[in-house]
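Q: Okay, handing you the structure first.
Every number in this text was worked out from the coordinates using simple rules, so none of it is lab data. No experiment lies behind these values; they were computed from the predicted model shown. Here the Cβ positions follow ideal geometry from the backbone for every residue, glycine too, while neighbour counts run over all protein chains shown.
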Amino acid sequence: MRTYFIAGNWKMHKTRSEAAELAKALVSQLKDGKHKYLVAPSFTALETVGNIVAGTNIMLGAQNMAAEEQGAHTGEVSVLQLKDLGVQAVILGHSERRHIYKEDDELINKKVRLALKHGLEVILCVGELLEEREAGKAEAVCETQTVKGLEGVSAEDLKRVTIAYEPVWAIGTGKTATPEDADAIHAYIRKVIGKLYGEAAAKAMCIQYGGSVKPENAAQLMAKANIDGALVGGAALKAETFVPIAKFA
Ligand code: 13P
């Protein structure tokens, strides 16, 4: 049985005091929650939020990290610095990193391997652009991003990887993939994992859906056989919208 995993990606939002307020609300409202939870604030709020979620059922995640452990990398944040703050997981390969900041599969793979080497969990994001979907390439794009993103990752380390399918055209647009369309891609990604790591690993792999997840559509998405959770953006910024998703019935 896979555990549902609901994560909030706060992106470039919230000052420390705003982040603290939301984190406190989530701690109190999710303490009886039955699933696995994570919040990923900006780097600047990690310590503040980390102090609030420490010892609760909410994990602390970062939204990105450098591909190197340390050195002359102005403006970057290293895995060692994240671990020092109590970060337990990192989101890698988010479409905003891929498309706005031009991160490629090779760089993302380097980050994935470094994060796993240092004991972090990884949420590896994959997903196609609208023109790729319209050209019938959604599966191929997700397969390439999955295969390349996981290159050199051992079967043992794979247990700390979650894949987030985030169709780029559904992110922040209010357009959600239908549960059927999302499930079809999730099933395909699971097949890809099966080819790489075998049937048991494929069955165990947690695959989140991301892209305009809201309280109104969370339960329908989660009801699908291959959808094991959500990576939530906009609706993660308020307890009143994140909590109902996190406690979907
Ligand atoms: P939205 O939920 O705002 O569409 O964002 C999804 C996302 O990118 C989460 O990482």
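Q: Quick one: check the C-alpha center-to-center distance for the range 65-125 versus the range 1-61, whole angstrom.
A: 19 Å
Q: Explain nothing, just compute: Karplus ³J(HN,Hα) = 6.51 cos²θ - 1.76 cosθ + 1.60, θ = phi - 60°, for every residue of the range 37-45 in order, whole Hz, x for Gly and Pro.
A: 10, 8, 10, 10, x, 4, 3, 5, 9
Q: Do any trypsin sites (Lys or Arg not before Pro) in the range 43-109 lie in a DSSP loop with no more than 15 other beta carbon atoms within 10 Å, and if so, which?
A: Of the trypsin sites (Lys or Arg not before Pro), the ones in loops of the range 43-109 whose Cβ has at most 15 other Cβ atoms within 10 Å are LYS102.
Q: Calculate the spin-label point distance for GLU47 paired with HIS118, positioning each point 7 Å from the Cα along the beta-carbon direction, and give it in nanometres.
A: In this crude label model, HIS118 to GLU47 measures out at 1.6 nm.
Q: Okay, next question. Restricting to lysine pairs 8 or more places apart or on different chains, what number in the range 1-121 have Cα atoms under 25 Å apart?
A: Lysine pairs, 8 or more places apart or on different chains, close enough: 27.
Q: Could you please rank HIS94, HIS186, HIS118, placing first whichever residue has the fewest other Cβ atoms within 10 Å of its Cβ?
A: HIS118, HIS186, HIS94
Q: Could you pull out the longest piece of the chain with no exposed loop GluC sites (Glu not before Pro) in it, calling a site exposed if DSSP puts it outside H, G, I, E, B and it has at most 16 other Cβ atoms within 10 Å?
A: On the way: sites that count: GLU68, GLU69, GLU76, GLU151, GLU216.
The segment 77-150 is the longest one with no such site.
Q: Mark the label point 7 Å from the Cα of LEU85 along Cα→Cβ and return the residues of the range 94-115 whose backbone N is within less than 14 Å of it.
A: Answer for the range 94-115: none.
Q: Separate question: Under a Cβ-only charge scheme (Lys and Arg +1, Asp and Glu -1), can you give me the dipole magnitude of the range 60-206 about the Cα centre, in debye to the nearest 20?
A: Result for the range 60-206 is approximately 320 debye, rounded to the nearest 20.
Q: Extending each Cα 7 Å along its Cβ direction at GLU106 and ALA54, get the distance between those two points in nm, one decimal.
A: 4.1 nm
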